Amino acid sequence: MTTLVFLEHHEGELLKPSLGVLSKAAELGGDVAGVVLGSGVRDLAAKAGAYGAAKVYVADAPELEQPLSQPRVDALAKLVSEQGFDSVLFAASVLAADVASGLSARLGAGLNWDLTDLVQQDGSLIGKRPALGDSVYVDVGWSSEPRLALIRAGTFDPKETGGEAQVEDFDVQFEDFSLAATMLEQAHAESEGPSIEDADVIVAGGRGLGAPENFKLVEELAQALGGAVAATRAVVDSGWYPYATQVGQTGKTVSPKLYIACGISGAIQHKVGMQSSGVIVAINKDPNAPIFEFCDFGVVGDLNDIVPKLTELVRQRKS
Amino acid sequence: MKIAVCVKHVPEGTTHARIDPSTKRLNRSGEGAINAFDTHAVEEALKLKEAEGGEVVVVTMGPQSAQDSVRKALAMGADGAVLITDDAAAGSDLVATTTVLAAALESEGADLILFGQQAGDSDGAVLWAAVADRLRRPVISQVAELTLSGGKVTGKRQTEFGYDTIEAPLPAVVAVSDAINEPRYPSLKGIMGARSKPQRTVTISELGVDGGAVGEAGSKTTVEALNDPPPRGDTVKIEDDGSAAEKIVDYLAEKKVL
């Protein structure tokens, strides 16, 4: 098995989910290489050796400075075709999903996504994919090479095993259409706002709150419990609550002792950011909401009735 | 301005959908509906049309029953539809599906191609980038705010680090987030008018796509086995009868997290 791992980076750091996938690839065995694409990123490449890459390919070009997917498809298509990797692995992210998908079309290569494990079975690579709200686990495979895989964010932890990677540069010819999009503003990690990652108790609100002003129900409960307030992507994108409080695949990953989800359906995007919480309580009026599949205590009901009562009971108990 | 919107017909109530153990494919025999995420793409297309003029064409690939989803989009206000339906296309994966979709979209010649943010049944959130690559067009995904001006489309979108703003010249492919708008409900007039709008049904060969490039033959991924999810701790699920708050407090006390 010859495996290439797409190593995503942001503000001068290789991202943990990518390094986690690299560590997993090293564990599966065979020849494992990483690839770093960007501008002024050569120093980053060497760091991947400590996580299991024997070799790291680098395309360092101004066209790769902005984190846009299409120039990266050009780069990977060339590298994979020339080096003949049989597997290309990505840690899922907004960028990586588009890169993997574009590469799938360019190479006519099969892509399996949302994988939560990769195993060798009778000499074949098999991916494990939870489907239909995680109610069934599907074993997925590939009928040809290269095999492309997107691994659900946070699935594998990086393991620092030491070792040095040989760094090798390669050139890329970019397609015109790949350079057509430009990034006018690029996101930067936000340092403002409350820290929810260290909180023991989190009360989170989703679109089921109905209106931004209803976040006060969540805030009051969080205050009574001495916890922090979190939000879903849907409500953050709608401008109801600040991005710094967002839990999910895009957003923060939290694992408090207690997580109370109010009006949150439990989409995968949110689930991956909070599923390792100790006790998960969900209040939702939709009995079919996926969150009821993975919470510990679920209440089907109107949060406008339940949450204020709960706040009052918690206050009484604490006083 | 011509806008094509790609929609998917998915089984209704995805949490209760089941995979057929014999074919290892999603059982599509029950009631279906337009993928809810795609209604945001339809809505955005209609808003753009209302502001800029032009036409909105819905493109879907699926069984004959996908006609229901097409009709919903037409009732919302789309002007016409193309349904790609062919037994040979059943079981198509990403590679095969995007080969077919790209062929259909190529012949539509739209200035803007819109997608919803994911498929409610497969959780797939990748289709647009593969289609854009096949059509050799720029792509912007996860767009929560979209503007058109001077032959360019600009999208603001959320990533793991905050918000990016990306601009691309038309023709372009854009996938929108479900936060971008609130999809309208079809009006009675819209529902009545949907039937008389132009709807074309095309087969794979009519699109000039080789039969070997679609369905399982054209797919590069396989489904090997279906397994039960790993067991997790007992989940208690109750319906609120007025005492839910007390029950939550009791549970939290029992779990020693209060």
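The values are calculated or read from the model by the stated rules, or taken from the named source; none is laboratory data. These figures come from a predicted structure and were not determined experimentally. Every residue, glycine as well, gets a Cβ built from its backbone with ideal geometry; the counts of neighbours run over all protein chains shown.
Does residue B:170 satisfy being within 7 Å of another protein chain (Cβ to nearest Cβ), surrounded by fewer than 23 Cβ atoms within 10 Å (Cβ to Cβ), more than 19 Å from the chain's Cα centre (by Cα) and in contact (Cβ under 8 Å) with a residue 40 or more places away in the chain? The answer is no for residue B:170. The listed residues are B:101, B:114, and the only one of them that is in a helix (DSSP H, G or I), surrounded by 23 or more Cβ atoms within 10 Å (Cβ to Cβ), within 16 Å of the chain's Cα centre (by Cα) and touching a residue at least 12 places away in the same chain (Cβ under 8 Å) turns out to be B:101. For segment B:155-168, name all the residues that are within 20 Å of residue A:236 (Cβ to Cβ) and in a strand (DSSP E or B). Result: B:155, B:156, B:157, B:158, B:159, B:162, B:163, B:164, B:165, B:166. Mind checking whether some residue in segment A:74-82 is in a strand (DSSP E or B) and touching a residue at least 12 places away in the same chain (Cβ under 8 Å)? Among the residues of segment A:74-82, not one is in a strand (DSSP E or B) and touching a residue at least 12 places away in the same chain (Cβ under 8 Å), which makes the answer no. Here segment B:62-94 is the region considered, the condition is being surrounded by fewer than 24 Cβ atoms within 10 Å (Cβ to Cβ) and β-branched (Val, Ile, Thr), and the residue that is nearest to residue B:40 (Cα to Cα) is B:82.
One residue stands out in segment A:126-148 among those that are in contact with a helix residue (DSSP H, G or I) (Cβ under 8 Å, 6 or more places away or on another chain) and more than 8 Å from every other protein chain (Cβ to nearest Cβ): the one that is farthest from residue A:2 (Cα to Cα), namely A:148. Restricting to segment A:277-319, name every residue that is in contact (Cβ under 8 Å) with a residue 60 or more places away in the chain, farther than 21 Å from residue B:241 by Cα and touching a strand residue (DSSP E or B) at 6+ places or on another chain (Cβ under 9 Å). Selection gives A:277, A:294. Among strands (runs of 3 or more DSSP E) entirely within segment B:3-95, having at least 1 residues that are at pLDDT below 95 and more than 14 Å from chain A (Cβ to nearest Cβ) singles out B:9-11, B:32-34.
Of everything in segment B:126-154 that is touching a residue at least 40 places away in the same chain (Cβ under 8 Å) and under 16 Å from residue B:1 (Cβ atoms), the residue that is farthest from the other protein chains (Cβ to nearest Cβ) is B:148.
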